[in-house]
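The values are calculated or read from the model by the stated rules, or taken from the named source; none is laboratory data. Bear in mind the structure is a predicted one, so any value in this text is a computation, not a measurement. Note: ideal-geometry Cβ built from the backbone for every residue, glycine included; neighbour counts use all protein chains shown. Calculation scope for accessible area: heavy atoms of the full protein, side chains included, ligands and nucleic acids excluded. Shrake-Rupley method; radii C 1.70, N 1.55, O 1.52, S 1.80 Å.
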Amino acid sequence: MSHNVESTAFRTALEVIRGVEPRVADAIGAELADQRESLKLIASENYASPATLLAMGNWFSDKYAEGTIGRRFYAGCQNVDTVEALAAEHAKELFGASHAYVQPHSGIDANLVAFWAILADRVESPALRKAQVRQVNELTEADWFALRRELGNQRMLGMSLDAGGHLTHGFRPNISGKMFDQRSYGTDPATGLIDYDRVAEAAREFKPLILVAGYSAYPRKVNFRIMREIADSVGAAFMVDMAHFAGLVAGKVFTGDFDPVPHAHIVTTTTHKSLRGPRGGMVLCGPELADQVDRGCPMVLGGPLPHVMAAKAVALAEARRPDFADYAQRIVDNAQALADGLLRRGATLVTGGTENHLVLIDVSGYGLTGRQAEQALLDSGIVTNRNAVPQDPNGAWYTSGIRIGTPALTTRGLGAAEMDATAELIHTVLDRTTAGTGPDGAPSKAKYVLDPAVAESVGKQAADLLVPFPLYPEVSLG
Ligand code: DSN
């Protein structure tokens, strides 16, 4: 498709929006300008293709489609069926899964569907069989009361938040921590790596219903074959949340023991991180959980978003093209170049490096909290997010880490040389920033001091670095 056509499509859309609420059109234009100018290193963000973005702006948004393909609670869903089936088909082919459910609105929703499906399969179904009824509505009050207690009394073993796990893997303030009696496995304090023997020991002691693997801030590969063996040894369902690294699985960078799909009972993901699709979620599973997963809407989720499912189908079709594998490999190569550049300049990295798309800097070596570092970098045109490090003394709000990732900049085309230059900019900002003090003179975890001239100079260098790599060059709004 010619650049001109894409440009016309976005410009026309903005013109139409401007006719109703010009401030929205202005904000959309400003967002593109901001994204074009900043060095985006947020590990969970990317830039979707124009085709993916355009697939979301249409009348599919007007359609209710509760239920699943061919079995809806609303009439007139034949076109939604088409796009949902296409998205599911592409997902199955891409990941080698026997079933794909593409309705979840986000990764958290996908995880809730997975928890619900496992509970339904492993706790509810046996109780129904025992009571010789087909559905919960047919249970006696006493049996229903007993089943609800049982459903609420199950155990989950997941990676702790400070070791890189996700909120939904049983963090107490999250709904997952309230649904399940949860225990965490962490990482080896000496190496920062998952110690599989310790995970096996925790599983033996705790006997979880669900063993969860996957992470938001662990910069290494996970051996899913070993994790499955651990799950099997205690009869647990093995669930993998691959939201962060789905693009590396799709691009066949993570294969064999490191590809979760052949090893897990159920896999969840977002579609917008390294996979580079629209914002949304997805569940992959085998036949034994497929029926329960397909009941995700309306039992767990609100009405599906057909316009987003259309965009998922487009993005998944893109991820099946041969050049996606090259993109996925470059994500990892870039993360390694960034890690090497930071290490050479004296930064401390959790686990000492990376094997995936992300790098976690322990900024306590610079005398800063994660919050101070994040803001100082932002002042300098570098967009990152603060993140806890293992056993973080500053907790989940201030933190001691900065998480950086390469999927977005790799999409723009930056390579190893630019990653080294980026490492220099990050190091310069962190090195030149000092912790500030509160009004009483006490050390502050939020305030910081950075010479504005340094921030300005780094910001200019960051912008210069991006000049040869225009974002959405096919789109001109001017
Ligand atoms: N918010 C996502 C991330 O940044 O990792 C996970 O939910």
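Filter the cross-link list Lys221/Lys460; Lys221/Lys312; Lys40/Lys447; Lys40/Lys63 down to pairs whose alpha-carbon distance in this structure exceeds 31 Å. Before the final figure, lay out the partial values.
Numbers: Lys221/Lys460 35 Å; Lys221/Lys312 26 Å; Lys40/Lys447 23 Å; Lys40/Lys63 34 Å.
Cα-Cα > 31 Å for Lys221/Lys460; Lys40/Lys63; rest within.
For the stretch 179-304, the alpha carbon positions stretch 44, 29, 24 Å along the principal axes, listed from largest to smallest. Taking every C-alpha pair closer than 8 Å and separated by at least 6 residues, the mean separation divided by the residue count of the chain gives a relative contact order of 22 percent. In this structure the stretch 351-433 gives 29 Å² per residue of accessible area when probed at 1.4 Å with all protein chains present.
Can you tell me the accessible area per residue over the stretch 11-53, all protein chains present, probe 1.4 angstrom, in square angstrom? Write down the numbers at each step before the final one.
On the way: 2320 Å² over 43 residues.
Value for the stretch 11-53: 54 Å² per residue.
Label point of Ala190 set 7 angstrom out along Cα-Cβ; within the stretch 347-377, amide nitrogens under 19 Å from it belong to 349-353. Based on C-alpha pairs under 8 angstrom that are at least 6 apart in sequence, the stretch 303-449 has a relative contact order of 24 percent.
Counting only heavy atoms of protein chains, what accessible area per residue, in Å², does the stretch 200-345 have with a probe of 1.4 Å? Using a 1.4 Å probe on heavy atoms only, each residue of the stretch 200-345 averages 32 Å².
Taking the mean number of other Cβ atoms within 10 Å as a proxy for protection, how do you rank 287-298, 71-82 from highest to lowest?
Result, highest mean first: 287-298, 71-82.
In whole Å, how far is the Cα centre of the stretch 260-300 from that of the stretch 8-22? Spelled out, the Cα-based centre of one part sits 35 Å from the other.
Can you give the FRET efficiency to the nearest 0.05 for Asp291 and Ala453, using r as the Cβ-Cβ distance and R₀ = 51 Å?
E between Asp291 and Ala453, to the nearest 0.05, is 0.25.
Measuring r between the beta carbons of Leu343 and Ser476 and using R0 = 35 Å, the FRET efficiency lands at 0.30.
Work out, step by step, the length gained on full extension between Ala396 and Gln132: first 0.36 nm times the residue separation, then minus their alpha carbon distance; give nm to one decimal.
Working: separation 264, 0.36 × 264 = 95.04 nm, distance 4.71 nm.
Gain on extension, Ala396 to Gln132, equals 90.3 nm.
With helices as the sole contributors, the chain gives -14000 deg cm²/dmol at 222 nm; each DSSP H run of n ≥ 4 counts as -39500 (n - 2.57), and the sum is divided by every residue.
If I compute solvent accessible area with a 1.4 Å probe over the protein chains, what percent of it on the chain is carbon and sulfur?
On the way: 10870 of 20740 Å².
In the chain, the share of accessible area belonging to carbon and sulfur is 52 percent.
With bins 10 Å wide beginning at 0, the percent of Cα pairs of the stretch 54-211 falling in each bin runs 9, 26, 29, 26, 10, 1. Based on the Cβ-Cβ distance from Ala142 to Gln35, what FRET efficiency comes out when R0 is 41 Å, to the nearest 0.05? Approximately 0.10, to the nearest 0.05. Over the chain, the Kirkwood radius and the radius of gyration, each from Cα atoms, give a ratio Rg/Rh of 0.99.
Our estimate of slack between Arg198 and Leu151, defined as 0.36 nm per intervening residue step minus the Cα-Cα distance, is 14.2 nm.
Stretching Val24 away from Arg225 to a fully extended chain increases their span by 67.5 nm, per 0.36 nm per residue minus the current alpha-carbon distance. The stretch 199-226 and the stretch 129-193 have Cα centres spaced 14 Å apart.
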